Amino acid sequence: MIPYGRQEILESDVSAVVETLKSPLITQGPKSQTLENKIAQCVNAKYAVSFNSATSALHCAALALGLRRGDWLWTSTNSFVASANCGIYCDAKVDFVDIDPKTYNISVDALSAKLKRTKKHKLPKVLVVVHFAGQSCEMEKIWKLAQKYHFKVIEDASHALGGSYRENPIGCCAFSDITIFSLHPVKIITSAEGGIATTNHSKYAKKMQCLKNHGITKDTAEFEHKNQGGWYYEQQILGFNYRLSELHAALGISQLERLHSYVQRRNEIAQKYYQALADLELVLPFVESHNKSAFHLFVVLLTKKSGIKRKELFEKLQEAGIGVQVHYIPIHLQPFYARFGFKKGDFKCAESYYKRAITLPLFPTLSDEEQQKVIATLRQFVHKKSEV
């Protein structure tokens, strides 16, 4: 089976983890801080905070921005559920914004229209934008709306480490408060499980560091009770055990060395798909000219002339040993979110996209032979544009 995504683990990765495993510290040591520093440097951000998952990072980012009961968090409905769940974790209310029919990212027009017609007490305190498939949202326009309507912005860049927006590395937070990256195995690089938050605000970085470690600080300058002794620490807020272990950090540091080669390889594979599938009745991914996509995903959409339904194509490709996937079921259609009154028809662009979308295999170690198998099999079942 050719999966839609797969990590690459080299001997250098194994050696880095084993070396750390043999060291005195396998949790709460220097590796996590090293990974944070390297990620911050990589994306030109002032601060980075490591977590045991991007979900944990989203939760703490929302808390650091002051999200709480009675507040609203808005996000794209075309994402994994974590982009919305972080608002529920904060006991806030969640609402969604429809997507752009070309990029599948949050629609700036839909966002602007929704902001205009929403009463002041229901405006978002936090907006989570999702860089779907590795392509940045229109952050400059979104940031202008944030200034006008006074909300904070989190970039959920789980798909997008190594990508760029208008020549700025995604994660530099030029047009956001906090950016989140995922280090899950199918993402651009992996630490097995892990997440990173970047920001240019010291207060947000400090708050997230504290939140991920049970709400505890060991900074003597911040103690309420002074001169207690070298053993002393204080829990000052309610936090969580969201720390990244040294073993995971060591793997992440090793993988980070190959970030740019991975993104380059992903773009090369994407270009081969563009060339080989251009004559089929498919909508291929659209990338804005000012963006560099990390190409975490390569999503194609079936058209009315494709000659096959999505479910049938999914099953035929699976039977042929090609592990295609669908990204994503719109969050507002999940049974959990139906409890809040969301229903089919609420976000028509996202729902239309979902009915036709299928994700093809794309990962750095995808061989030419494997990709040719994907292409050849797809061509068996999808009509050419010249066919009636």
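The values are calculated or read from the model by the stated rules, or taken from the named source; none is laboratory data. Remember, it's a predicted structure, so these values are computed and weren't measured experimentally. Virtual Cβ from ideal backbone geometry, glycine too; neighbours counted across all protein chains shown. Just the protein is used for accessible areas: all its heavy atoms, side chains included, with ligands, DNA and RNA removed. Shrake-Rupley method; radii C 1.70, N 1.55, O 1.52, S 1.80 Å.
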Open item on the list: Which log10 I(q)/I(0) values does segment 180-278 give at q = 0.23 Å⁻¹ under the Debye formula, counting every alpha carbon as one identical point scatterer?
Closed with: -1.17
- [ ] Using the Karplus curve 6.51 cos²θ - 1.76 cosθ + 1.60 with θ = phi - 60°, work out ³J(HN,Hα) for each residue of segment 4-13 in order, rounded to whole Hz, and write x for Gly and Pro.
- [x] 6, x, 7, 7, 10, 10, 9, 4, 5, 5
Task: segment 196-297: GluC sites (Glu not before Pro) in DSSP loop, at most 11 other beta carbons within 10 Å - done: 224
TODO: Let me know the charge dipole size of segment 141-234 about its Cα centre in debye, to the nearest 20, where only the beta-carbon of Lys, Arg (+1) and Asp, Glu (-1) is charged.
DONE: 340 debye
Task: Heavy-atom accessible area order for 284, 333, largest first, 1.4 Å probe - done: 333, 284
Open item on the list: Longer than 27 Å from Cα to Cα, which of 141/385; 125/218; 311/384; 93/206 are they? Say none if no pair is.
Closed with: 141/385; 125/218
Task: Residue among 65, 313, 251 with the largest mean-square fluctuation in a Gaussian network model of the chain, springs linking Cα atoms under 10 Å - done: 313
- [ ] Whenever you get a sec, compute what percent of the accessible area on segment 4-160 sits on carbon and sulfur atoms (1.4 Å probe).
- [x] 51 percent
TODO: Determine ³J(HN,Hα), in whole Hz, for all residues of segment 232-239 in sequence, where each value follows from phi through the Karplus function 6.51 cos²θ - 1.76 cosθ + 1.60 and θ = phi - 60°; x replaces Gly and Pro.
DONE: 6, 8, 10, 8, 10, 9, 7, x
Open item on the list: In the chain, if the dipole is taken from +1 on Lys/Arg beta carbons and -1 on Asp/Glu beta carbons about the Cα centre, which of 49, 150, 282 is farthest to the positive end?
Closed with: 150
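Assigning unit charges at the beta carbon (Lys, Arg +1; Asp, Glu -1) and nothing else, what dipole magnitude in debye, to the nearest 20, does the chain show about its Cα centre?
My answer is approximately 1500 debye.
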Task: Spherically averaged projected area of segment 59-215 from its Cα convex hull (nm²) - done: 8.9 nm²
TODO: Within the set of other residues whose C-beta is less than 12 Å from the C-beta of residue 338, count the net charge using Lys and Arg as +1 and Asp and Glu as -1.
DONE: +2
Task: Solvent-accessible area per residue, Å², over segment 1-133 with all protein chains present [probe radius 1.4 Å] - done: 45 Å²
TODO: Add +1 for every Lys or Arg and -1 for every Asp or Glu among the other residues with Cβ under 15 Å from the Cβ of residue 192, and state the total.
DONE: 0
TODO: Would you please report the Å³ per residue occupied by the convex hull of the alpha carbon atoms in the chain?
DONE: 143 Å³
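Going by the alpha-carbon gyration tensor, a ≥ b ≥ c the square roots of its eigenvalues, is segment 14-80 rounded (a/c under 1.5) or, if a/c is not under 1.5, prolate (a/b greater than b/c) versus oblate?
Verdict is prolate for segment 14-80.
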Open item on the list: Please report the antiparallel percentage of DSSP beta bridges with both residues in the chain, rounded to the nearest 5.
Closed with: 60 percent
